[in-house]
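Trainee: Take a look at the following structure, please.
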Amino acid sequence: MNKPHSLYIGLMSGTSLDGIDAVLAKIGPNGETSAQAAFSAPFDPELRKALFELQSPGENELHREKQAGNALALAYAEAVSKLLKKAHLQPSDIAAIGAHGQTIRHQPQLGELGYTHQTLNAALLAEKTGIDVIADFRSRDLAAGGHGAPLVPAFHAQQFTSTENLAILNIGGIANFTLLPKNGVVTGFDCGPGNMLMDAWIYEHQGNAFDENGTWASQGKVNEDLLSKMLADPFFKKLPPKSTGRDDFHLEWLKEKLGKENHRTENVQATLLHLTAHSALEALLHHAPQTQKLIVCGGGAKNKALMNLLKVKAQHVFKQPLEIASSEAVGIDPQLVEGLAFAWLAWTHKEKRPANLPAVTGAKGLRILGACYPA
């Protein structure tokens, strides 16, 4: 007899540092997942500042990191409370929360001493919500020799099916691919910066958290020399499995590429838009040239200028037609995909099902991910 559907909550705050997405997911006995409700909130400016400053070494950072982990747990708990109220549910209705936390460091390349750290006081979150919390999803894969990232391809493989050669491009702070050939093994990898550098640049110059619809980037002109300098970064030449984050791509990295030359700020933003589109399409051409359909999710799918640029560039890069669409076209809000993924990852932990894909992360084998903090 099949188990009934269960309700889980996924909590995601990505490398863009734009805020929290809380997603209520209904998950069936075979992992089929659908969004039932969602709540999103921007970070409190002080918390955003604290998390951003922790992205690089600084004074007394252990204390500051613990304080930020507590503050993030409280912000997550508030988001859960508002989501439950919106859905007219009680904590007892929820099987578990899957909480990603906020990535502070990602250093998988250090062999047996490699690590990844997502700050979050998961015990405090469980205490405040009265719901079991599953967190720290990446460490188990790292312990098995993997990168601990990307983790969403296993969820994409569960959710997106097609009779065509399909690819999923998730554009959060970092962009990553899931490759779903109609005949073959599911693979995936981080392909480079998504929104992260664009967000950092506009925040520094205009104080805005992100470039809505790519409006500012659209006012500038791409600087081909600058684009070439950025694309020369060794990360783009690495073969999968590979992952990246703010450790590799950050504002100081960009400023080093800019050098002492004067650049119009809108031209830099336009060039960063092209960096995201170009690096993604070149990676797709190199690793899955047979792709027929590309589904885009994450916050980047809501950037009209970026979506248009992907479509224009694809016509020049690919020999055959490549259909490009937001995940909205297949009934999934692009902003909710990662939140849904972490609800699903919590479900896999509860069900004791492996959720990493060794072909994606480079781990020695399948592993059950996450650690449980009971309510």
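The values are calculated or read from the model by the stated rules, or taken from the named source; none is laboratory data. Everything numeric in this text was worked out from a predicted model, so none of it was measured. Cβ sites come from the backbone with ideal geometry, for glycine too, and all protein chains shown count toward neighbours. SASA here: full protein model, heavy atoms, side chains in, ligands and nucleic acids out. Shrake-Rupley method; radii C 1.70, N 1.55, O 1.52, S 1.80 Å.
Trainee: Can you name the residue in region 203-214 that is crowded, with 17+ Cβ neighbours inside 10 Å and outside any loop (DSSP other than H, G, I, E, B) and is also modelled with the lowest pLDDT among such residues?
Mentor: Tyr203
Trainee: Which of the following residues is under 21 Å from Leu345 (Cα atoms) and surrounded by fewer than 24 Cβ atoms within 10 Å (Cβ to Cβ): Leu124, Leu169, Leu151, Leu113?
Mentor: Criteria check complete, one pass: Leu124.
Trainee: Working only within region 100-113, note down all residues that are more than 18 Å from Ile174 (Cα to Cα) and at pLDDT below 95.
Mentor: Leu110, Gly111, Glu112
Trainee: Only one of (1) outside any loop (DSSP other than H, G, I, E, B); (2) surrounded by fewer than 16 Cβ atoms within 10 Å (Cβ to Cβ); (3) on the phi > 0 side of the Ramachandran plot fails for Asp225. Which number is that?
Mentor: (3)
Trainee: Can you tell me which of (1) under 25 Å from Pro321 (Cα atoms); (2) surrounded by 18 or more Cβ atoms within 10 Å (Cβ to Cβ); (3) without any contact (Cβ under 8 Å) to a residue 60 or more places away in the chain is the one Ala270 doesn't meet?
Mentor: (1)
Trainee: Another one. Determine if region 333-343 includes at least one residue that is over 27 Å from Ala126 (Cα atoms) and assigned to a helix (DSSP H, G or I).
Mentor: yes
Trainee: Filter region 96-110 down to residues that are part of a strand (DSSP E or B), among the polar types (S, T, N, Q) and open to solvent by 20 Å² or more (accessible area, probe 1.4 Å), then give me how many there are.
Mentor: 2
Trainee: So for region 53-66 (the condition being under 22 Å from Phe137 (Cβ atoms) and over 20 Å from the mean Cα position of the chain (by Cα)), does at least one residue qualify?
Mentor: Taking every residue of region 53-66 in turn, at least one turns out to be under 22 Å from Phe137 (Cβ atoms) and over 20 Å from the mean Cα position of the chain (by Cα).
Trainee: Taking the criterion of being in contact with a Pro (Cβ under 8 Å, 6 or more places away or on another chain) and either closer than 30 Å to Gln320 by Cα or not small (Gly, Ala, Ser) (or both), would at least one residue in region 105-117 satisfy it?
Mentor: Yes, the conditions are met somewhere in region 105-117.
Trainee: Separate question: Find the residue count for region 45-95, including only residues that are open to solvent by 90 Å² or more (accessible area, probe 1.4 Å), touching a residue at least 24 places away in the same chain (Cβ under 8 Å) and not in a helix (DSSP H, G or I).
Mentor: Qualifying residue count, region 45-95: 0.
Trainee: Can you tell me which residue among Ala175, Ala157, Ala200, Ala217 is outside any helix (DSSP H, G or I), among the aliphatic types (A, V, I, L, M) and closer than 30 Å to Ala325 by Cβ?
Mentor: Ala175 is the lone residue from the list that is outside any helix (DSSP H, G or I), among the aliphatic types (A, V, I, L, M) and closer than 30 Å to Ala325 by Cβ.
Trainee: Right, something else. Among the residues that make up region 22-43, is at least one of them touching a residue at least 12 places away in the same chain (Cβ under 8 Å), within 20 Å of the chain's Cα centre (by Cα) and outside any strand (DSSP E or B)?
Mentor: Scanning region 22-43, I find at least one residue that is touching a residue at least 12 places away in the same chain (Cβ under 8 Å), within 20 Å of the chain's Cα centre (by Cα) and outside any strand (DSSP E or B), so the answer is yes.
Trainee: Okay, moving on. I'd like the full set of residues that are basic (Lys, Arg), at pLDDT 95 or above and in a loop (DSSP other than H, G, I, E, B), limited to region 241-260.
Mentor: Scanning region 241-260 gives a single hit, Lys242.
Trainee: Among the listed residues Ala355, Ala346, Ala329, which satisfies the condition of being out of contact with any His (no Cβ under 8 Å at 6 or more places or on another chain) and farther than 27 Å from Thr215 by Cα?
Mentor: Criteria check complete, one pass: Ala346.
Trainee: Step by step: first the residues of region 178-197, then only those that are in a loop (DSSP other than H, G, I, E, B) and out of contact with any helix residue (DSSP H, G or I) (no Cβ under 6 Å at 6 or more places or on another chain), then the one that is most open to solvent (accessible area, probe 1.4 Å). Which residue is that?
Mentor: Asn183
Trainee: Something else: Would you mind stating whether Ile134 is touching a strand residue (DSSP E or B) at 6+ places or on another chain (Cβ under 6 Å), under 21 Å from Val337 (Cβ atoms), aliphatic (A, V, I, L, M) and not in a helix (DSSP H, G or I)?
Mentor: Here the answer is yes, as Ile134 does meet what is asked.
Trainee: Another question about this same structure. Going through region 357-374 one residue at a time, which ones are farther than 15 Å from Ile134 by Cα and either within 19 Å of the chain's Cα centre (by Cα) or acidic (Asp, Glu) (or both)?
Mentor: Once the filter is applied, which keeps residues that are farther than 15 Å from Ile134 by Cα and either within 19 Å of the chain's Cα centre (by Cα) or acidic (Asp, Glu) (or both), region 357-374 yields Leu357, Pro358, Ala359, Val360, Thr361, Gly362.
Trainee: Only one of these is at negative phi, open to solvent by less than 40 Å² (accessible area, probe 1.4 Å) and touching a residue at least 60 places away in the same chain (Cβ under 8 Å): Gly370, Gly362, Gly339. Name it.
Mentor: Gly339
Trainee: Take Ala329 and tell me if it is in a helix (DSSP H, G or I) and on the phi < 0 side of the Ramachandran plot.
Mentor: Answer is yes for this residue.
Trainee: Could you list, in sequence order, all residues of region 14-37 that are at pLDDT 95 or above, hydrophobic (A, V, I, L, M, F, W, C) and buried (at least 21 other Cβ atoms within 10 Å of the Cβ)?
Mentor: If the condition is that a residue be at pLDDT 95 or above, hydrophobic (A, V, I, L, M, F, W, C) and buried (at least 21 other Cβ atoms within 10 Å of the Cβ), then Ile20, Ala22, Val23, Leu24, Ala25, Ile27 are the ones that fit.
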